Amino acid sequence: MPCIQIDPRRQPYDVPSTIVAARRRADMPPSILTPEDLATARAVTDPQVSGDGTIRGAVVYDPAPAPGESPRSEIRMARGEEEARPVTTGPGVDLTPRISPTGRLLAFASDRGRQGLWRLYVTLLEGAESAAEPRGFDALPGVVEDIAWAGDESALLVCTADDGSHTGNARGGVRFVPEDEASAPWTVRRPATGWRRLYRVDLTSGTATQVSPDHVTVWEFAWAGHGPVAAVVSAEPGENGWYDARLALIDIEARTSRVVYTPAWQLQSPALSDDGRTVAFVEAPQSDRGLLAGDVAVLDLDTGSIVRPPHEADVTRLRWTRDGRLFWVGVASVTTACGFLRRAADAWLVEECWRGRATLGRAYQVTADCSRDGGTVVAVRQAHDQPPELQEFRAPSAHRAGTDHSPAAEWRPLTAVNARLAGRAPARETVHRWKADDGTEIEGLLLLPPDRPATALPLVVVAHGGPTNAVTSIFAQGAHRGDALLLAQAGCAVLLPNPRGSTGRGREFMAANIGDLGGGDLADIEAGVASLAAAGLADPGRVGIVGISYGGFMSAWAAVRSGAFAASVPISGLMNWLSFHNTSNVGRFDEIFLDGNPYDPSGPYLDRSPVMYVRGCRTPTLLLHGDLDLACPLSQAQEFYQGLAAAGCETELVTYKGAGHGMSERDHVVDVSRRIVGWFARHLELDVPHESCDLTYLS
């Protein structure tokens, strides 16, 4: 029952040299998709479009870095019909591109000066000087998280996190470690540190002036380029503060804030109208900052009245157009969609421009951008057989009212950075629906091997994270960067369910597991497994489960509380709700979603902790975890591993050095895939290509 630590400087898996040589043969069939292939995929994020729609761009990452290498990305922009080309070329990771109102300038954040600490830069997008080095603004303190242009391009509003702040789980669950701390022999933690602030940066002088009040953390903001700012704010600076954040107006001249809305749940994507009289935002229960999907609310700042336009999709992002419409993008069932909300008399009409079984954005992070004239929509678009690429479509000039689905838009690619992976997904994808024990219809995606009859197949369930997220169709599908594709290639059926608590089905459905984590949602998953077994598609004796974050909890919970699974692989999961509450950076999350008192011995904290049930567990369990994870600290995996080992259960803990909430270094990414496939190959009797798994599990 080994506990293994992966050092990025060493070979992370033990594979015989003869197999290594075979894997490298030039005549290896191109149809075999390997973990190394998946590690070459380039992430494409943060789509942007200029106000008139003529400039479109995004952030394009290099493939996962090798040991000793630093991550790197560049910003690419396209004009006219040309393919997007790099406009930043420095070392490090360039993020958060923001095109100026005239399209002449680009502001962005980069850690080219010191890895992991993003500072502000501005570069020219046109003219002879556009090839010059970007200008840095050293006077601005903190780590840049968002940027907005003044309407006259004289200044920028920049939201920064103090050095030492946490990144948030969506960005890896680590910290922005300042240089002096990195070289110090110890670290010191104190309450009420790590604020997020707004600064006005003058482009002529380079000076940076704080414009948000002290003792207020600004999580997100919206600015029309003049006047006040609408912001999601909290009085607590740490990640826990976000769960109780409110909507405020900030007077950037007086450095004062006024709360204009106190939500019942969490907030995201404030959007302020040009005249500064209306602010729209999204509100819903959400487990992770930055991943919210829910109801749209429109607040009249003059009267204080709120309208909540009815909507099929759970919306993730909003943006005003010049003619007073609201561009939206969101999740609808297992699809994603985008369109406009238009005010008509006393009602808001929903105009849907596109909906499809593809993802606009990335796993759990659905997003798109729309030009201020409302004519051009850009998004990073991907599906199960289409790797992510920046694409655009021209929004129709005459929009359809109502909620009927509009004809498919004509998407046009602007990048081809992942062309070598297109069409290589070794799986068929379909939508699977089944009835829960209480009659509720549950749905998810089902991947099937392309060349085998769908009869008595081994089955792996991928439990998604959150829990307030949803599975949609992406290329590197699975718990961690494509493991679902590799399992389908090995002859496995893979079920990716959206049980109660998922987004895409409205607020009632997404809140249905609050106070019942591991109850109805696990029962929904078990019912999905039973439905596939009853249909003859799955072999009920060869079923496994894997997941990351909350999916890691679900994988561990299923191992100790369900008889349906023959093997489990929790990744970066939580195993003890009480110790999680006191060691995680998001302890407020468990208070809301468990709906209990952490210090009540008779409450849900111990009752719903997988570690409390290890003594009866006989499910072989492989634990994969990063040693720098602040969201689900490594101690969570250690508790569960030691409990299982003491109980005599087959188990293994693999720790990845330098990894946060999920693994991103190339050798780590490859190793995670190989271990997942190898573990299930051993315990579900899969026929696995040697190129896809860790052979030590087959010995």
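Each value in this text was obtained by applying a stated rule to the coordinates, not by laboratory testing. Source: prediction; values computed, not measured. When we count neighbours, we look across all protein chains shown, and the Cβ atoms used for this are built from the backbone with ideal geometry, even at glycine.
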remark   = Whole-Hz Karplus couplings 3J(HN,Hα) for region 141-147, θ = phi - 60° and coefficients 6.51, -1.76, 1.60, Gly and Pro as x, run x, x, 9, 6, 10, 7, 9
task = Would you mind ranking His215, His311, His625 so that the residue whose beta carbon has the fewest other beta carbons within 10 Å leads the list?
result = His215, His311, His625
ask   = Along the positive direction of the dipole of the chain (beta-carbon charges: Lys, Arg +1; Asp, Glu -1; about the Cα centre), which of Gly678, Leu522, Asn597 reaches farthest?
value = Gly678
ask   = Given [x] 25.8; [y] 28.9; [z] 27.6 as candidate values of Kirkwood radius over Cα pairs in Å, which corresponds to the one derived from the coordinates?
value = [x]
remark   = Dividing the surface of the Cα convex hull of region 500-614 by four yields a projected area in nm² of 7.7
ask   = What is the pair-distance distribution P(r) of region 142-210, computed from all Cα-Cα distances in 5 Å bins starting at 0, with each bin given as a whole percent?
value = 4, 15, 21, 20, 15, 12, 9, 3, 1, 0
Per residue, the convex hull volume that the Cα atoms of region 580-699 enclose (Å³) = 121
key: Relative contact order for region 585-699, counting Cα pairs under 8 Å that sit 6 or more residues apart, in percent   = 21
inquiry  = If neighbour count is taken as other Cβ atoms inside 10 Å, put Met77, Met510 in order from fewest to most.
reply    = Met77, Met510
message = Please rank Arg171, Arg542, fewest neighbouring Cβ atoms within 10 Å first, as an exposure proxy.
response = Arg171, Arg542
remark   = What the Cα atoms of region 446-504 span along the principal axes, largest first and in whole Å, is 34, 21, 14
task = Take every Cα pair under 8 Å in the chain that's 6+ residues apart, average their separations, divide by the length, and report that relative contact order as a whole percent.
result = 12
query = Does region 593-654 come out rounded, prolate or oblate, given a ≥ b ≥ c as the square roots of the eigenvalues of its C-alpha gyration tensor, rounded meaning a/c under 1.5 and, failing that, prolate meaning a/b above b/c?
reply = oblate
note = Helix 666-684: inclination vs the chain longest Cα principal axis, degrees, rounded to 10, gives 40
query = Taking a temperature of 4 °C and a viscosity of 1.567 mPa s, what whole-number D in µm²/s does Stokes-Einstein yield for region 309-417 with Rh from Kirkwood over alpha carbon pairs?
reply = 93
ask   = With charges only on Cβ, +1 for K and R and -1 for D and E, what is the dipole size of the chain about its Cα centre, in debye, rounded to 20?
value = 700
message = Can you tell me how region 56-167 classifies by the Cα gyration tensor, rounded, prolate or oblate, using a/c under 1.5 as the rounded cut?
response = oblate
remark   = Packing-ranked peptide list from 460-473, 370-383, highest mean Cβ count within 10 angstrom first, is 460-473, 370-383
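Around Pro97, what is the net charge, scoring Lys/Arg as +1 and Asp/Glu as -1 over all other residues with Cβ under 13 Å from its Cβ?
-2
So what's the net charge close to Ser305: Lys and Arg +1, Asp and Glu -1, counting the other residues with Cβ under 13 Å from its Cβ?
Every neighbour counted, the sum reads -1.
In deg cm²/dmol, rounded to 500, what helix-only [θ] at 222 nm does the chain give when every DSSP H run of at least 4 residues adds -39500 (n - 2.57) and the total is split over its residues?
-4500 deg cm²/dmol
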note = With a ≥ b ≥ c from the Cα gyration tensor eigenvalues, square-rooted, and the rule rounded for a/c under 1.5, otherwise prolate when a/b > b/c and oblate otherwise, region 139-297 is oblate
ask   = If you average the sequence gap of Cα pairs under 8 Å that are 6 or more apart and divide by the length of region 309-417, what percent do you get for the contact order?
value = 22
ask   = What does the charge count near Trp434 come to, summing +1 for each Lys or Arg and -1 for each Asp or Glu among other residues with Cβ under 15 Å from its Cβ?
value = -3
